[in-house]
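Asks: First the structure, which I've put down as structure tokens, then a few questions once you've had a look.
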Amino acid sequence: MSNIYKAFEGKKAFIPFITCGDPDLSTTGKVIREMVKNGASMIELGIPFSDPTAEGPVIQGANIRALANGITTDDIFDFVKELRKDIDIPLVFMTYANVVFSYGAEKFMSNCKEVSIDGIILPDLPYEEKEEFLDICDKYDVDLISMVAPTSENRIAMIAKEAKGFIYVVSSLGVTGTRTEIKTDLASIVEVIRANTNTPCAIGFGISTPEQAEKMAKVSDGAIVGSAIIKLLEKHKTESAGPVGEYVKSMVEGCNKAYNS
């Protein structure tokens, strides 16, 4: 069984996202450890890319800053190897197909296995083209995470049946970023997912408050947050660990309320 399932056992998962190397890898490490200390179930590690098409301006900015610092994919593999000395919760990469392709998919997934990365999310990889990476992911026990969007409609069941690790449910059309209100009929999407698979699903895009996390976790198996965390990093820079830890604590409490209600 995938290690990712541990993130959802006996709770609603809170899954924070962080861009590696923004503002530097030392800060990324401190922030991740605070996230874990404050109850994060799994962490999405962003590998910076020059053209992150699914991201809004906040996470785009983090990518630009990390790349300007000279952060490379090899740096991030070394960083995760160090991280794994004391962090054992599931970790997944979020990046873009071109990052994996240009690095060499075989080498990339082999390195993922070596540093105990549990899964990978490639938001620009269409479901119909996933075979390009799927066999290599399977070979190295890296779950290729499927995404379901409001526009997936009659493809939701098909995607769900073949999903691995967990399913990333995109709450809204457009790019990442905080939203004051999420209007998509997510309950119907999750209902179709649950009718076709036992693989857990978590909702992301636009979530920023404990109340939103509670609401999304009631509908699904967990909540994913990125932009709100990156905003804290942008504000506090190398002093971000404490503020992010407190924020994660509040979001975990929101997810716990959903689980206990």
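Asks: Going down the table (Lys37/Lys107; Lys130/Lys249; Lys12/Lys161), which pairs top 28 Å between alpha carbons? Each step should come with its number before you reach the end.
Replies: Numbers: Lys37/Lys107 32 Å; Lys130/Lys249 35 Å; Lys12/Lys161 22 Å.
With Cα atoms farther than 28 Å apart: Lys37/Lys107; Lys130/Lys249.
Asks: What span do the alpha-carbon atoms of the chain cover on each of the three principal axes, reported in whole Å from largest to smallest?
Replies: Rounded to whole Å, the extents work out to 44, 39, 32 Å.
Asks: What list do you get for Ile156, Ile136, Ile120 if you sort them by fewest beta carbons within 10 Å?
Replies: Values: Ile156 22, Ile136 19, Ile120 25.
Fewest-to-most ranking of Ile156, Ile136, Ile120: Ile136, Ile156, Ile120.
Asks: Could you pull out the longest piece of the chain with no exposed loop GluC sites (Glu not before Pro) in it, calling a site exposed if DSSP puts it outside H, G, I, E, B and it has at most 11 other Cβ atoms within 10 Å?
Replies: Details: sites that count: Glu9, Glu181.
That would be 10-180.
Asks: For the range 12-260, give the magnitude of the charge dipole about the Cα centre (Cβ charges: +1 Lys/Arg, -1 Asp/Glu; no others), in debye to the nearest 20. Display every interim value, and only then the final one.
Replies: Values: 25 positive and 36 negative charges, 153 e Å.
Charge dipole of the range 12-260: 740 debye, to the nearest 20.
Asks: Pick from Thr151, Thr72, Thr238: which is most flexible by mean-square fluctuation in a GNM of the chain where alpha carbon atoms under 10 Å apart are linked?
Replies: Thr151
Asks: Using 17 Å as the cut-off for backbone N distance, which residues of the range 148-166 belong to the label zone defined by a point 7 Å from the Cα of Asp185 along Cα→Cβ?
Replies: 149-157
The numbers here are math on the coordinates, done by the rules we state, and not lab data. If you're wondering where the values come from, they're calculated on a predicted model, not measured in any experiment. Ideal geometry is used to build each Cβ from the backbone, glycine not excepted, and the neighbour counts take in all protein chains shown.
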